[in-house]
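Throughout, read-outs are computed from the coordinates displayed, never taken from laboratory work. This one's a predicted model, so the numbers in the text were calculated from it and none came from an experiment. Please note: Cβ atoms are built from the backbone with ideal geometry, for glycine as well, and neighbour counts cover all protein chains shown.
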Amino acid sequence: MSGSPRILVIGYCYPPTASPEGFVTAKLLRSLPDCRVDVLTLENGLVSTVIDSGMGSYAEGINGSVYRVSGMKTLKKICQFPRLPFRPDRWMLFNPAIYRKACKLISQGNYDCLVTRSQYHSSHLVGLSLKKLYPDLPWIACFSDPWSNADHQAVVPFFSSWSKQREKRVLDVADRLVFPTDRMQNHFTGHQSSLDRKAMVLPHAFDPELYETVATGKSNDRESFTLRLFGSFYGTRRPDVLFSAIDQLKIEQGQSLTFEIYGPWYEAYESLSHRFPSTSVKHVKHQGQVPHIEALAKMQEADLLVLVDAPGGGKSMYLPSKLVDYIGSGQPILALCREGVVSNVVHKLGGLVAEPNDVNAVTAALKRSIGLRRGRPLSAIGLIEEYRSENVGAKFRAMIDELL
C-alpha cells in the first residue's frame, strides 16, 4: 500500500509495567519504520506492581499514542488472588473494557491493521471479537508462549476446554500468525498447511540504543571473574545445581569468583551467606531487581552471563527474551539448558552449554569459562544482526505491507 499504515496494537503487558513481554513489545514497536502505531493496554501496575520508569519513557517513544484501560475495583481485587481457574488467563476479566475501547478507537482511527500480542492470550480473544465486527480489518496475532498445551499450566474443567476451542478459532481466523521460533510455530500449527501458509517466525529483538550510553570498558583485573544471572526461578527452574557446581569448582590461588543474581527473591537464596561466606574466594549474592536499562548495563560489565532454563523432556521451543538481551550486550554466555532453541543459538554464538541438572557438566563449563577469561566477545556477527530491533522491525513491517 502507499503511505504510512496506521496500526492498533492490543497487548496486556506494556511499560512502564515491568514484564519481559512488555519490553519485547516496546522494542518491536519502536523499530517499525514509517508507521503510525497506537497501543491499547491495561493500566500501569495491574499485571505487575513493579514499575520501570526508564522503559516507560522508552515505550512512550513510539510513533503514536498509548491508551490504558482500568477496570472496576472488584475485578482488580479478584486478579490479585494467587491462583484463579480462568483460562487462558485471569486478564480475560478485562476483555469487555478493552473491547469497548478498541471499538471506539477503530471507529475514530481508520486503522489499516490490528495486532494482538501475548502473553497474555486474552488479548487474542478481543482480536477475535473485533474481527467479527470488522471483517475487513487485517489481523495479526503474535504469540510468545504456548497457549492450551503450556507445560506450566494445570488443566481446569470447562475453562481449559473452552480456552482450547478459542485458541483454535483464533488460529483459524487471524490473517497472519507470528511466533518467536520455528519450534513454537510447529507447536501451535501442528504442521497444518493452512496455518503454516500464514505463519511467520520473528524473534525477539534487542535495541542497541538501550546499550549505547553504557561504558563498555572493563577492568583489566585478571584475578577476579564476575558471572551474572538475570531473571527468576520458579517451578522446575531452580538454582540448586548451579550453586552445587560453584561449590565444587576449584579456584586457583590468588583468584576469586563473584556470582551476582538479579531478579525476584527466591527461597534458595536464604542459604547463600552460609554456603558462600565472606571469607571464601567464591561470592554468590542476590542483588534484587533493577530497572531494565540498568540490567542491560550490568550485562555489559560481566565476564560471563548465565542463563538457567527448566529441565524437561524433549527439545525446548522457547526463546527467552533474556537471551536476546544477553546477545545485545555482546558478552559470553553460559546456558544451562536442554537441547532445543536456546542450546542451538548459544552454540552458534560461540557460547557454552551444559545440562541444567548435571552438576559435573555445569562445573566443567564454569571451569572452561574461567579458563577462556574475559574479553571473549560473541561470534557469529551475522546471527547477532538477526536479533537487532531495526532488522526485526523491518521484517514485521514487510509482513504488514504484504498483508495490506
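Given the alternatives (1) 43, 27, 21; (2) 38, 23, 20; (3) 32, 24, 21, semi-axes √(5λ) of the Cα gyration tensor in Å as computed for this entry is given by (2).
Sorting 159-166, 139-146, 5-12 by average packing, meaning the other beta carbons within 10 Å per residue, from highest down gives 5-12, 139-146, 159-166. When you filter the trypsin sites (Lys or Arg not before Pro) in the stretch 17-118 for DSSP loop state and at most 10 other Cβ atoms inside 10 Å of their Cβ, you are left with Arg83.
In summary, the aspartates and glutamates within cross-link reach of Lys298, defined as a Cα separation below 12 angstrom excluding same-chain residues under 8 places away, comprise Glu260, Asp325.
If packing is taken as the mean number of other Cβ atoms within 10 Å per residue, what is the order of 253-265, 340-352, highest first?
Order by mean packing, descending: 340-352, 253-265.
For Lys395, the lysines whose Cα falls under 16 Å of its own Cα, not counting residues fewer than eight places away in the same chain, are Lys27, Lys198. The label point for Ser4 and the one for Gln253, both projected 7 Å from the Cα toward the Cβ, are 6.7 nm apart. Checking the cross-link pairs Lys73/Lys132; Lys76/Lys104; Lys168/Lys322; Lys131/Lys168; Lys164/Lys322; Lys104/Lys132 against a 20 Å limit on the alpha carbon distance flags Lys73/Lys132; Lys76/Lys104; Lys168/Lys322; Lys164/Lys322 as lying beyond it.
Centroid-to-centroid, using Cα positions, the stretch 330-371 and the stretch 94-129 are 41 Å apart.
Which GluC sites (Glu not before Pro) in the stretch 274-339 sit in a loop by DSSP (not H, G, I, E or B) and have at most 12 other Cβ atoms within 10 Å of their own Cβ?
Glu339
The separation of the stretch 1-59 from the stretch 235-311, counted between C-alpha centres, amounts to 31 Å. How large is the Rg to Rh ratio of the stretch 158-292 when both quantities use alpha carbon positions and Rh follows Kirkwood? Rounded to two decimals, Rg over Rh is 1.15.
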